[in-house]
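First up is the structure itself, then whatever we jot down about it.
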Amino acid sequence: MTETSEQRHAWVDVAKGISIILVVMMHSTYGVGEATERVGFMHYVLGFATPFRMPEFFLVSGLFLSAVIARPWRNYADRRVVHYLYFYALWAIILIAFKHLVVERDPVGTLSLMVSAIYEPYSILWFIYALAIFSLLAKVFHGLRIPHVAVVVIAAAASIAPVATSISIVNYTAEYFVYFYAGYALAPVIFKLAAWIDTHPGPALAGLAVWALVNAILVFSPGHAVTYGVVTSGVAGVPGANFAMALAGATAVCAASVLLARLAAMEWLRWIGAHSIVIYLSFVIPMGSFRTVLLRFVPEIDAGIASLASLVVAIVCPLILYWLIGKIGFGKFLFERPSWAHLPGAPGSRWGTPRPATVPAE
């Protein structure tokens with residue numbers, strides 16, 4: 001791997017690290033807010049990031065799609081569809097069983113949810129489900145030779161339009177597919193921008209400062225709402241405003257990631273990004289358990305501090321679990337796809353090497 005390639009992967013992993021922290025932050029902050037009916041400082045941090053939190057995650061997930069999209073359908077589907085569906089199915093069973101069978105002791109409800117999870121993405125795992133759907137759509141469009149600009153324009157219109165159906169995956173696709181596809185279609189431009197930022201840190205920092213100020217002004221402009229269960233941007237009602245802020249924010253996170261990747265002190269963030277799916281899959285149980293215990297013994301704790309503590313626990317516990325599994329060698333199937341979970345004839349099937357549970361770099 002060349003130095004340029006290593007550097008490119010480094011900033012992408014940093015961007016993934018920032019993204020997963022923001023995603024977990026949302027769940028930890030809203031969880032504490034709903035449990036206490038109080039607003040803390042983390043709600044305002046979350047509010048600042050709300051326009052670009054999920055768009056950035058999807059954009060980064062599409063960056064390396066061009067390296068595999070031309071592969072035969074079997075190999076592509078195994079790498080970009082089955083890969084995600086395996087982890088979705090496995091962790092949907094684990095999370096549903098834990099919450100509804102172990103905690104709530106509702107076997108009928110547990111079985112019902114496991115069935116409905118086939119077509120209705122379960123809870124926070126919708127992101128993994130969506131990645132499989134988005135990858136499938138991108139391959140279809142590639143096979144039909146539809147120009148990138150046409151797909152982006154149509155997907156952008158769907159994102160801006162108020163699409164609301166009874167099928168959640170349709171709503172998620174309408175809102176977020178454009179960012180995934182933009183990551184794929186605009187990858188050359190994004191990597192050129194990253195290379196420029198790496199050699200021009202001064203102007204990049206100035207640009208980030210201006211963006212941060214404008215984003216804060218728009219988010220907290222008149223009409224915004226910061227409550228314990230939701231944060232609404234002040235320009236949320238302006239058609240296309242959230243879409244523009246999402247693109248600007250996603251670009252800003254990429255720019256900041258390039259600069260942070262230059263710092264040895266940010267190696268931990270890069271490592272977290274490289275293992276972001278490990279966190280995404282398993283943060284809910286430690287986060288919820290810790291929040292319950294914390295609020296039971298310290299009910300008057302500041303909501304912001306409780307949210308921050310829940311965030312740290314939700315990030316650290318999955319990594320400890322991943323480390324323990326690596327040490328004892330048991331439970332690898334939780335984060336590594338076994339050979340039987342590959343399509344017949346695809347790389348890794350039968351006696352192949354299991355693939356780690358990461359967002360593919362290719």
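The values are calculated or read from the model by the stated rules, or taken from the named source; none is laboratory data. All figures in this text were calculated on a predicted structure; none of them were measured in a lab. Virtual Cβ from ideal backbone geometry, glycine too; neighbours counted across all protein chains shown.
List of remarks:
- Selected residue [part of a loop (DSSP other than H, G, I, E, B) and either among the charged types (D, E, K, R) or closer than 30 Å to ILE279 by Cα (or both)] from ALA164, ALA156, ALA138: ALA164
- Criterion (modelled with pLDDT of 90 or more and under 16 Å from ILE277 (Cα atoms)) met by exactly one of PRO354, PRO318: PRO318
- Residue in the stretch 60-77 that is free of Cβ contacts under 8 Å to residues at least 40 places away in the same chain, farther than 15 Å from LEU186 by Cα and surrounded by fewer than 17 Cβ atoms within 10 Å (Cβ to Cβ) present: yes
- Number of the condition not met by LEU113 [criteria: (1) surrounded by 17 or more Cβ atoms within 10 Å (Cβ to Cβ); (2) of a type in the set (A, V, I, L, M); (3) within 22 Å of the chain's Cα centre (by Cα); (4) at pLDDT below 95]: (3)
- Criterion: at pLDDT 95 or above and either within 25 Å of TYR86 (Cβ to Cβ) or acidic (Asp, Glu) (or both) - qualifying residue of PHE330, PHE283, PHE297: PHE283
- Test: residue in the stretch 319-340 that is in contact (Cβ under 8 Å) with a residue 12 or more places away in the chain, in contact with a helix residue (DSSP H, G or I) (Cβ under 6 Å, 6 or more places away or on another chain) and of a type in the set (A, V, I, L, M): no
- Checklist (1) touching an Asp or Glu at 6+ places or on another chain (Cβ under 9 Å); (2) surrounded by 14 or more Cβ atoms within 10 Å (Cβ to Cβ); (3) within 26 Å of ALA132 (Cβ to Cβ); (4) modelled with pLDDT under 95 applied to ILE167, failing item: (2)
- Filter result for GLY17 (modelled with pLDDT under 95, part of a helix (DSSP H, G or I) and touching a helix residue (DSSP H, G or I) at 6+ places or on another chain (Cβ under 6 Å)): no
- Filter result for ALA130 (assigned to a helix (DSSP H, G or I), closer than 30 Å to ALA10 by Cα, touching a Phe, Trp or Tyr at 6+ places or on another chain (Cβ under 6 Å) and without any contact (Cβ under 8 Å) to a residue 40 or more places away in the chain): no
- Taken over the stretch 252-280, the residue count meeting the criterion of being surrounded by fewer than 19 Cβ atoms within 10 Å (Cβ to Cβ) and among the β-branched types (Val, Ile, Thr) is 0.
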